[in-house]
Amino acid sequence: MNIIVAVDKNWAIGNHDQLLVRIPNDHKHFREETTGKVVVLGRRTLQTFPQGLPLKNRTNIILSRNEEYQVKDATVVHSVEALLQEIRQYDTTDVYVIGGESIYRQLLPYCDVAHVTKIDHAYEADTYFPNLDADPDWKVEEDSEEQTYFDIAYQFVKYVRVGRDS
């Protein structure tokens with residue numbers, strides 16, 4: 001499984017249920033990685049999408065503890081175990097965990113690749129992603145040249161889990 005996330009210098013990912021910054025090239029990268037694939041997300045992340053609707057041209061799987069929760073055009077599962085069972089029908093390289101914080105933390109142990117947009121700025125934030133640079137289980141496999149959007153520097157970094165056959 002993959003994770004895809006944008007983080008600031010402190011590995012922050014959001015503030016008050018919103019992204020820290022919107023960088024068009026990061027959104028383009030996200031679309032290119034996930035279109036035609038399976039995305040896994042939490043209920044609160046879904047609620048931040050336009051009209052709270054699942055992403056188009058993707059298979060959306062929502063992880064929510066609420067047993068009554070249903071979403072049109074998406075599959076809802078209520079535990080990590082149920083999610084792992086559900087994604088067995090897909091190639092795991094086509095499955096992308098897209099947030100939010102608790103979903104990332106629950107599913108990171110099951111992921112082998114992390115696509116991280118690293119933004120060279122520290123924002124006010126209340127949600128964070130685990131720092132992969134400080135985790136010996138992860139190493140950088142690829143990184144892009146630094147890019148800028150107005151005065152914001154960022155780069156795309158691909159991490160892979162060390163010592164596990166994908």
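The values are calculated or read from the model by the stated rules, or taken from the named source; none is laboratory data. Owing to the predicted nature of the structure, the values given are computational and were not obtained by experimental measurement. As a convention, Cβ positions derive from the backbone with ideal geometry for all residues, glycine included, and neighbour counts pool all protein chains shown. Areas reflect the complete protein model, heavy atoms only, side chains present, ligands, DNA and RNA absent. Shrake-Rupley method; radii C 1.70, N 1.55, O 1.52, S 1.80 Å.
Some points to look at:
- Karplus (6.51, -1.76, 1.60) ³J(HN,Hα), θ = phi - 60°, over segment 144-155, in Hz, Gly and Pro reported as x: 7, 5, 5, 10, 10, 10, 6, 9, 9, 8, 7, 8
- Signed unit charges on C-beta, dipole axis of the chain, positive-most listed residue 10, 110, 136: 110
- The trypsin sites (Lys or Arg not before Pro) of segment 9-97 meeting both criteria, a DSSP state outside H, G, I, E and B (loop) and at most 14 other C-beta atoms within 10 angstrom of the site's C-beta, are 9, 22, 56, 65, 72.
- Zero-based 5 Å bins, Cα pair distances in the chain, whole percents: 2, 8, 18, 23, 21, 16, 8, 3, 0, 0
- For the chain, a crude dipole built from +1 on the beta carbon of Lys and Arg and -1 on the beta carbon of Asp and Glu, taken about the Cα centre, is about 520 debye to the nearest 20.
- Of 130, 54, 109, the residue with the greatest mean-square motion in the GNM of the chain, using alpha carbon springs below 10 Å, is 109.
- Each of residue 66 and residue 123 was given a label point 7 Å from its Cα along the Cα-to-Cβ line. The distance between the two points is 2.4 nm.
- Unit charges at the beta carbon, dipole of segment 46-117: most positive-side option, 52, 84, 74: 52
- Relative to the longest principal axis of the Cα atoms of the chain, the long axis of helix 24-34 makes an angle of roughly 40 degrees.
- Label-to-label distance, residue 144 versus residue 10, with points set 7 angstrom from Cα along the beta-carbon direction: 2.5 nm.
- Sparse-neighbourhood loop sites, GluC sites (Glu not before Pro) in segment 34-125 - DSSP loop, at most 14 other Cβ within 10 angstrom: 67, 68, 124
- The calculated P(r) of segment 1-40, using every Cα pair and 10 Å bins from 0, goes 25, 52, 23, 0 in percent.
- Maximal additional length on extending the residue 33-residue 84 stretch stands at 16.3 nm, based on 0.36 nm per residue less the C-alpha distance.
- Normalised contact order of the chain, rounded percent, pairs of Cα under 8 Å and 6 or more residues apart: 32
- For segment 83-96, Karplus couplings with θ = phi - 60° (6.51, -1.76, 1.60), whole Hz, Gly/Pro x: 5, 4, 5, 4, 7, 4, 6, 10, 5, 4, 6, 9, 9, 10
- Of the residues 121, 62, 98, the one whose Cα sits farthest towards the positive end of the charge dipole of segment 59-166 is 62 (charges of +1 on Lys and Arg Cβ, -1 on Asp and Glu Cβ, taken about the Cα centre).
- Distant-in-sequence amide H partners of residue 10 (H built 1.01 Å from N, under 5 Å): 123
- Given 118/139; 9/56; 28/56; 9/139; 28/72; 28/139, the pairs whose alpha carbons are separated by over 20 Å: 9/56; 28/72; 28/139
- Taking 0.36 nm per residue of separation and subtracting the Cα-Cα distance, full extension of the segment from residue 93 to residue 162 would add 23.2 nm.
- Carbon plus sulfur fraction of accessible area for the chain, probe 1.4 Å, in percent: 45
- Calculated FRET value between residue 56 and residue 151, using beta carbons and R₀ = 41 Å, to 0.05: 0.80
- Label zone at residue 49 (point 7 Å along Cα-to-Cβ), backbone N below 16 Å, segment 80-107: 95-101, 103-104
- Heavy-atom accessible area per residue - the chain, 1.4 Å, Å²: 57
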